[in-house]
Amino acid sequence: MKIRYKLALGFALVSFVLLLSAAAIVYFVQQSDRQQQLLDRLQTKARKAIVYYESNQLNSIQQELDDAIGVLPEERLLIYDIDRRLLYQSDSGNVNLTGSILSQVNSRKPAKFSDNELEGFGFQVKGSKQVYLVLASANDIFGRKKLENLANVLSLVVFGGFLLSFACGLAFASRAMNPISEVIKQVDAIDYSNISARVASRKGRDEIALLAYTFNKMLDRLEVAFKVQRNFVANASHEMRTPLTAITGQLEVVLLKERTNREYKMALESVLDDIINLTQTSNRLLLLAQTDSKIAESSFQPLRIDDILWQAQAEVIKRKPDYKIDITFYDLPEDEMQLTILGNDQLLITMATNLMDNGCKFSPDHTVKVQLSVYKSLVQIMFSDQGSGIPKEDLPHIFEPFYRSKNAILVKGHGIGLSLVQRIVNIHHGNLKVLSEPGVGTAFILTFPLNL
Ligand code: ADP
């Protein structure tokens, strides 16, 4: 069921209950009012009858009374003395069944009785000579008819009110819901082909304006992610195609004519170089795509961070023996076990080799300093170099996949390393900061929570 119908129905049901309660109160008040009026009328008549009775004008009682007060349909008056002897009877009907009612009559409250449409009361009246017991009854056709009419009007009001409040509720709910439907329609029309489209913003600060604003913020984020993804695919295929084109070109040139063994060897070595490069790029891309925090966290184990640095150093030196990596420890705890963090060794070694490699690659002395220190429950690793530094305007972008700053034009690379580093740091719940000054050097400062 649509929300607008639910709201309208809820509103109508509440109104229905309220109207029904009000109608019931009005009806019962009216009903007791009618009975009271009937009782008053019969009591007045009884008092008058007793006055006539006591002044021995018995013969004229009925006519006098009817003239004075009027007569109700099937009206009947029976007057008894305190010993239940019948003194006066306004008609000639049967009085045998009145005994049980008489026994209920007392001075405090009138006794009620009814017989089909006849309603009656038993009560005491004090005359000048004695106390009388009176049984008075009548068929209150007019009173009941009035009550029936009232009941009909009240039912009409209640059901009419229910329908009206449902209609009004529906109108209000529809008015309130229309902007939501409008937002839904607009959001529904946005897909990858028009990801830049936005939901029309509304004036004011109501919930729907907030909803539209929140949708637009989400679309902003999605658009960025979508563009990054699109660029990533374009850049990745470019990175793969360049060495492949180079390989194809070299092989085609070599095959143009017969070559000496030395020329073949040189060509193969160059192709091998390109293939190693290609393999390295595809491995890094694969790692970047696979660095999913959930999968990685399942492989976490306690690792000594100093071991990770030594292993990374050995790996970089194996590939580039002319690189210098100085590892220094500061304020280390006496218990070396306090140098452990929870992590994945392969990912952490990849992270450290990338930062060591960059530090050496971008500095003329091919040297990077690695400083390890512990503070409270954190371990900090700083990779600093005295290299080219990164221009200020490029700093916000260096962690984007395939981004290479101007300083990297003459240096080999693919722009994947730092985005991989950032992901690895995030997966390990660490923090990454970069300080750089062109011509002075660069420092990457990483902190990780210790596994204490
Ligand atoms: P790559 O090193 O393959 O170019 P990275 O993702 O590792 O890719 O680095 C991205 C860019 O950040 C580099 O191209 C370079 O411009 C800059 N950069 C990274 N590390 C340093 C550093 N230590 N010194 C100067 N520039 C750096």
Note to self: In the chain, if the dipole is taken from +1 on Lys/Arg beta carbons and -1 on Asp/Glu beta carbons about the Cα centre, which of Gly387, Ala234, Ala22 is farthest to the positive end?
What the structure shows: Ala22
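Using a 10 angstrom Cβ neighbour count of at most 13 plus a DSSP loop assignment to flag exposed GluC sites (Glu not before Pro), which longest range of the chain is free of such sites? Intermediate values should be presented prior to the final figure.
Details: sites that count: Glu117, Glu258, Glu334.
The answer is 118-257.
Beyond 11 Å, what share of the Cα-Cα pairs of the stretch 325-364 is found? Please give it as a whole percent. Could the numbers behind the result be given before it?
Numbers: 577 of 780 pairs.
In whole percent, the long-distance tail amounts to 74.
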Notebook entry, point to check: Cα axis of helix 345-361 to longest principal axis of the chain: angle in degrees, 0 to 90, nearest 10?
Noted result: 50 degrees
Next item on the list: Step through the residues of the stretch 269-276 one at a time and calculate ³J(HN,Hα) from phi using the Karplus curve (6.51 cos²θ - 1.76 cosθ + 1.60, θ = phi - 60°), rounding each to whole Hz and writing x for Gly and Pro.
Entry: 4, 5, 5, 4, 4, 5, 5, 4
Next item on the list: Report the label-to-label distance for Asp345 and Asp40 in nanometres (one decimal), using points 7 Å from each Cα along the Cα→Cβ vector.
Entry: 10.3 nm
Next item on the list: Taking every pair of Cα atoms in the chain, average 1/r, invert it to obtain the Kirkwood radius, and report Rg/Rh to two decimals.
Entry: 1.55
Next item on the list: Treat the count of other C-beta atoms within 10 Å as a stand-in for reagent exposure and order Val134, Val374 from fewest to most.
Entry: Val374, Val134
Item checked: Overall Cα dimensions of the stretch 136-194, principal axis frame, Å, largest first -> 90, 12, 12
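About the Cα centre, and with charges only on the beta carbon of Lys, Arg (+1) and Asp, Glu (-1), how big is the dipole of the stretch 210-284? Nearest 20 debye, please. Could you put the intermediate results ahead of the total?
Details: 10 positive and 9 negative charges, 48 e Å.
Dipole about the Cα centre, nearest 20: 240 debye.
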Next item on the list: Go through the stretch 151-159 residue by residue and turn each phi into a ³J(HN,Hα) via Karplus (6.51, -1.76, 1.60, θ = phi - 60°); whole Hz please, and just put x for glycine and proline.
Entry: 4, 5, 5, 5, 4, 4, 5, 5, 5
Next item on the list: Starting from the amide H of Leu450, placed 1.01 Å from N in the peptide plane, find each other amide H under 5 Å away whose residue is 5 or more places distant or on another chain.
Entry: Leu378, Val379
Margin query: So if I restrict to the alpha-carbon atoms in the stretch 259-408, what is the Rg, and what is Dmax, the biggest pairwise distance, in Å?
Written below: 18.5, 66
Item checked: Long-range amide H partners of Asp140 with built H, under 5 Å -> Glu119
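Calculate, for Val411 and Val14, the FRET efficiency according to 1/(1 + (r/R0)^6) with r their C-beta to C-beta distance and R0 51 Å; round to the nearest 0.05.
So, using R0 = 51 Å, E works out to roughly 0.10.
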Next item on the list: Determine the dipole magnitude for the chain: charges of +1 sit on the beta-carbon of Lys and Arg, -1 on that of Asp and Glu, nothing else is charged, the reference point is the Cα centre, and the result goes in debye to the nearest 20.
Entry: 1020 debye
Margin query: So for the stretch 403-448, considering every pair of alpha-carbon atoms, how many percent are separated by more than 14 Å?
Written below: 59 percent
Check: So what's the angle, to the nearest 10 degrees on a 0 to 90 scale, between helix 207-255 and the longest Cα principal axis of the chain?
Finding: 20 degrees
Notebook entry, point to check: Share of Cα-Cα pairs in the stretch 340-452 beyond 17 Å, in percent?
Noted result: 53 percent
Notebook entry, point to check: When the helices in the chain are scored as -39500 (n - 2.57) per DSSP H run of 4 or longer and the sum is shared across all residues, what 222 nm value do you end up with, to the nearest 500 deg cm²/dmol?
Noted result: -19000 deg cm²/dmol
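Throughout, read-outs are computed from the coordinates displayed, never taken from laboratory work. What you see is a predicted model; the values in this text were computed from it and never measured. When we count neighbours, we look across all protein chains shown, and the Cβ atoms used for this are built from the backbone with ideal geometry, even at glycine.
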